[in-house]
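Have a look at the structure below before the remarks.
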């Protein structure tokens, strides 16, 4: 990935006013996808300065338009030094990062000193790993915040979000999905299931939502799923007990495309528990595909 030689302080995105002088900047550690910039824009519009810490191999180079620093996975010493140099005590971690193999990580001295502990963090699910990394930040004097805490408008609202509403049968499928994810959450498996006619046909694991939906489309093509098109629901919820500062499930137009290709009738997410980078684009994509998006009240399916 080509890296910029510009000073981190020079970047200024178009159309976003500078924050008030004297305010402590917020550090945003950026993985892949559109969510890091969505959060940065909301924070900047609230009047707070931001510095983006772009993870090599994951973050979009277009984010160099913002005040930024490039950092590598495993460079915890460098990251701490850069955070302190820019007076960033509050940190948000947002964006897609594929779980690396430990042997592929180039640790700096600041991380090597913590290596036995880091290795233990990799012996578990994603929530175990992320929660442990969060504790490391806090033990070194930083305050970890959830993206939804600094940019609350990225959370999915409740009820019907577009022009298509779920039927009674689809509401029943949503309820089955909620129960399934509630049971699976403590096992730290995944954040999504597909339910058709009261039957769980797919559970998200390491492959993520998009590949789970592609698998459903393939199962339909092979005749393993025999329900007609426009049947079934993708349900996405945060895991029970997970640290919501680090790994809230997300929803975007690509998920809508995957649900449509899998022949589903719609998508249900926990209202206030799933992040959306551009709600209007999401609703437009769902309406164009003829599928519903529904924000479920935590613990139920009422609108």
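Each residue in the stretch 129-184 was checked for being in the same structural domain as residue 270 (by TED's automatic domain parsing) and within 16 Å of residue 241 (Cα to Cα), and 7 of them qualify. Taken together, 191, 242 contain a single residue that is in contact (Cβ under 8 Å) with a residue 24 or more places away in the chain, over 24 Å from residue 283 (Cα atoms) and not assigned by TED's automatic domain parsing to the domain that holds residue 90, which is 242.
Rundown of residues vs (1) surrounded by fewer than 19 Cβ atoms within 10 Å (Cβ to Cβ); (2) modelled with pLDDT under 85; (3) farther than 30 Å from residue 42 by Cα, yes/no style:
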position	(1), (2), (3)
90	yes, no, no
107	yes, yes, yes
114	yes, yes, yes
136	yes, yes, no
166	no, no, yes
171	yes, no, yes
174	no, no, yes
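So for the stretch 247-270 (the condition being free of Cβ contacts under 8 Å to residues at least 12 places away in the same chain and out of contact with any helix residue (DSSP H, G or I) (no Cβ under 6 Å at 6 or more places or on another chain)), does at least one residue qualify? Checked the stretch 247-270: no residue is free of Cβ contacts under 8 Å to residues at least 12 places away in the same chain and out of contact with any helix residue (DSSP H, G or I) (no Cβ under 6 Å at 6 or more places or on another chain).
The single condition from (1) closer than 22 Å to residue 244 by Cβ; (2) at pLDDT 90 or above; (3) touching a strand residue (DSSP E or B) at 6+ places or on another chain (Cβ under 9 Å) that residue 69 fails is (1). Filtering the stretch 196-245 to residues that are buried (at least 21 other Cβ atoms within 10 Å of the Cβ), under 14 Å from the mean Cα position of the chain (by Cα) and under 13 Å from residue 258 (Cα atoms) leaves only 209.
Residue pairs whose Cβ atoms lie under 8 Å apart, separated by 6 or more positions or on different chains, with the first residue in the stretch 12-36 and within 25 Å of residue 81 (Cβ to Cβ) and the second in a strand (DSSP E or B) and modelled with pLDDT under 85, are 31/96; 32/96.
The values are calculated or read from the model by the stated rules, or taken from the named source; none is laboratory data. Bear in mind that the values here come from a model prediction, so they are computed numbers and not experimental data. Reconstructed Cβ throughout: ideal geometry from the backbone, glycine too, with neighbour counts over all protein chains shown.
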